Structures are given as structure tokens and as C-alpha cells.
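The values are calculated or read from the model by the stated rules, or taken from the named source; none is laboratory data. What you are looking at is a predicted structure, and each value in this text was computed from that prediction instead of being measured. Note that each Cβ is placed from the backbone with ideal geometry, even for glycine, and that neighbours are counted across all protein chains shown. Ligands, DNA and RNA are excluded from the accessible area calculation, which covers all protein heavy atoms including side chains. Shrake-Rupley method; radii C 1.70, N 1.55, O 1.52, S 1.80 Å.
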Amino acid sequence: MDAYKLGRERRFHLYRALRKRHQLKPVSNRARKIRRRDILAFTTLRNERVRLPYFLEYYRDLGVNHFLFVDNDSSDGSREYLAGQEDCSVWTTSASYRQSRYGMDWINWLLMRYGHEHWCLTVDPDEFFVYPFCDTRPMAALCDWLDACEIRSFSAMLLDMYPKGPLSAQPYVEGQDPLEIACWFDAGNYTISRNWKHGNLWIQGGPRMRVFFDDDPWKAPALNKIPLVRWSRRYAYNSSTHSLLPRGLNLVFDEWGGEKASGALLHTKFLDTFGAKAQEELLRGQHYGKSREYIAYHERLQADPDLWCKWSEKYINWRQLEILGLMSKGNWA
């Protein structure tokens with residue numbers, strides 16, 4: 001009965017994706033350039049122009065071959081900038097972000113249409129994927145190893161990065177590596193539970209729980225993600241990139257001792273640009289739970305807080321995260 005219900009849920013999400021595809025209008029569709037072994041990146045965005053040059057540079061260097069973007073009615077030139085990039089395909093929509101399940105209906109459609117049998121990375125413009133040996137091995141090496149092990153999904157904990165001092169103290173400029181500013185993170189302060197229905201882990205904590213949700217920590221955002229998947233048109237994200245269907249794709253941890261390989265998403269939300277972004281999103285009211293996350297941000301940002309504390313750790317590399325237990329190389333030697 002549980003399998004039947006989850007199968008029905010998966011088909012419902014696929015049906016929604018098929019319906020919502022009509023909301024997407026192509027701006028620059030270069031998907032015909034996609035080759036059989038290309039690694040693809042999928043992103044939904046709105047008004048992220050200042051972040052895009054470094055975002056593209058980072059993932060090109062990592063080995064992404066083609067980018068597929070959904071632009072949700074940007075007014076800052078994001079859409080026009082991406083349309084001019086030869087390795088980017090861009091669709092635009094002015095439809096409701098909230099009513100598209102926070103962009104996932106659109107992304108599920110693009111994954112279904114273009115991602116079948118490709119390794120697909122689904123990330124936001126402020127997320128930077130790191131994985132074991134990422135300083136010496138491209139993503140293609142990771143994907144080849146996952147194929148050899150017959151693993152179709154790869155998890156990454158969202159690690160909130162932040163600067164030392166008030167957010168407004170260090171201006172971010174276009175093209176800059178945001179980790180030059182937001183280079184600190186919480187090495188501990190995380191809670192982990194299991195979602196028995198979908199089989200995924202549920203992780204909370206870090207500076208957002210510590211600073212923005214200190215009065216009600218269980219409402220802090222989830223940090224567990226499964227961003228890298230060898231996609232099939234039968235798959236569907238059902239809760240952002242926190243979990244997928246079929247359920248087996250969420251079993252990205254080892255239940256019998258040892259550790260499965262995993263990565264991290266360095267989340268660079270907390271720059272000096274965040275105050276204006278939080279205000280815009282609060283006014284739009286398009287985010288989960290009646291935008292309660294952005295209400296919390298708005299309230300705390302009035303004081304221009306310093307997220308740094310005496311337990312903060314400065315980011316060095318992926319090996320540091322492995323030592324701290326925030327990611328694992330598993331048996332990938």
C-alpha cells in the first residue's frame with residue numbers, strides 16, 4: 001500500500017510538470033547542442049544577475065557542459081545575460097513561483113524533457129557543489145565512479161557560509177568568488193532525523209537555526225539535499241531537492257556501518273546583497289510556509305547581524321569537511 005501511494009505521488013508530480021510546461025517560454029533554447037555524455041545543470045532564478053558570472057565560471061571549471069535556466073520574471077538583466085551564453089538554455093515565466101511548488105514543477109519538466117539518462121545537477125545560483133577530490137578530479141570522474149558502482153543519486157549537505165562581521169561590511173562585486181567574503185561556517189550545531197515516509201534524512205542547524213530561528217529551531221530550513229542524479233524521465237523531485245521519487249533514490253546514507261560518499265553545497269546566501277533580496281522576496285510572498293523564512297530574515301536583518309561566533313570555522317577545502325563529518329569520500333579512493 002505504501003509503494004502504491006508513493007507511486008501515485010510520483011505520477012502526480014510528473015503530471016503537474018507536464019501541465020506547467022506551458023508556463024515556460026523559450027528565450028534561448030540551445031538544448032540541441034547537448035551530447036549523450038554531457039553533465040547538465042538546472043537552476044531556477046529571479047534577479048540574480050550579480051551572481052551569474054562567477055556561478056557559470058565555477059561550474060564550467062567543475063565540468064558542467066550545459067546549463068538550463070528558468071528565469072522567473074527577472075528585471076535586472078539576468079535573462080538577457082544568460083541568453084547570450086553559448087552553453088546556456090533559458091526559459092522565462094511570469095507565473096507564480098509558489099503555485100509551481102517553488103519552481104520544482106518547472107524544473108521537473110526540464111529534467112523530464114532534457115535530463116533523461118544524463119547526470120543532472122540541480123542547484124541555486126548561491127550554491128556551490130563540492131565533493132571528494134573536487135580539487136583534482138572533474139565531475140565527470142565522480143559520475144563515472146557512481147556509474148561503475150551503479151549509484152544513481154548523490155547527496156550533499158547544504159552548508160551555510162557567512163562572513164566575519166556585519167553582512168553590510170564587505171560589498172560583493174560581480175564576478176567575485178563569494179567565498180572570499182562568506183568563508184566561515186558552523187562546524188557543529190546540527191540535528192539529524194529520518195523521514196520514514198520518503199526514506200531521506202532531515203538535517204537542520206547552522207547559523208540560520210542559531211540566529212534566525214533561535215526561538216523556534218524546528219522551523220529552521222532543511223539542509224539535506226540530493227542535487228546530483230542520473231536522471232530518468234520517470235523520476236520527480238517531490239520536496240525541492242530534499243527528496244525524490246522513487247523512494248530508493250533517497251537512500252544516500254549507509255545503514256549498516258561505514259559511510260556512503262557524499263558532498264556539500266556551500267551556500268553563499270549571506271552577502272551584503274541579502275538584505276535587499278530578503279525584502280523583495282518578503283513583499284512577493286512566494287515562498288514556503290507563507291514566507292515565514294523571509295519574515296525571520298527581515299526581522300533579524302534590521303540589526304545588521306554578525307553571524308560569526310567563537311565556534312565558527314574558516315573554510316579551507318573538502319578534506320576539512322570530511323574530517324568534521326560534514327561529507328564523506330566513502331570507498332572512492
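For the reader, a short list of remarks on this structure follows.
- Shape call, the range 132-195: gyration tensor on alpha carbons, a/c limit 1.5: oblate
- Segment Asp177-Ile151, length gained on full extension (0.36 nm per residue, minus Cα span): 6.2 nm
- Loop sites by DSSP among the trypsin sites (Lys or Arg not before Pro) of the chain, restricted to those with at most 10 other Cβ atoms within 10 angstrom, leave 37-309 as the longest stretch without any of them.
- Take the Cα radius of gyration of the chain and divide it by 2.2 N^0.38 Å, N being the number of residues; the result is 0.95.
- The modelled label-to-label distance between Trp311 and Asp135, using points 7 Å beyond Cα along the C-beta direction, is 2.6 nm.
- Calculated P(r) tail over 15 Å for the range 34-74, as whole % of Cα pairs: 45
- When Rg and the Kirkwood Rh are both derived from Cα coordinates, the Rg/Rh ratio for the range 67-192 amounts to 0.98.
- The distance separating the Cα centre of the range 202-226 from that of the range 265-326 comes to 10 Å.
- Three-way shape label, the range 122-237, alpha-carbon gyration tensor, a/c 1.5: oblate
- Gyration tensor verdict on the range 227-333 (Cα atoms; rounded if a/c is under 1.5, prolate if a/b is larger than b/c, oblate otherwise): oblate
- Mean ellipticity per residue at 222 nm, deg cm²/dmol - from DSSP H runs of n ≥ 4 across the chain, formula -39500 (n - 2.57): -8000 deg cm²/dmol
- The ellipsoid that matches the Cα gyration tensor of the range 17-89 has semi-axes, each √(5λ) in whole angstrom, of 19, 17, 10, with the longest given first.
- Solvent exposure, largest accessible area first (probe 1.4 Å, DNA, RNA and ligands not counted), of His22, His118: His22, His118
- In the full protein context, the chain carries 45 Å² of accessible surface per residue, based on a 1.4 Å probe and ignoring ligands, DNA and RNA.
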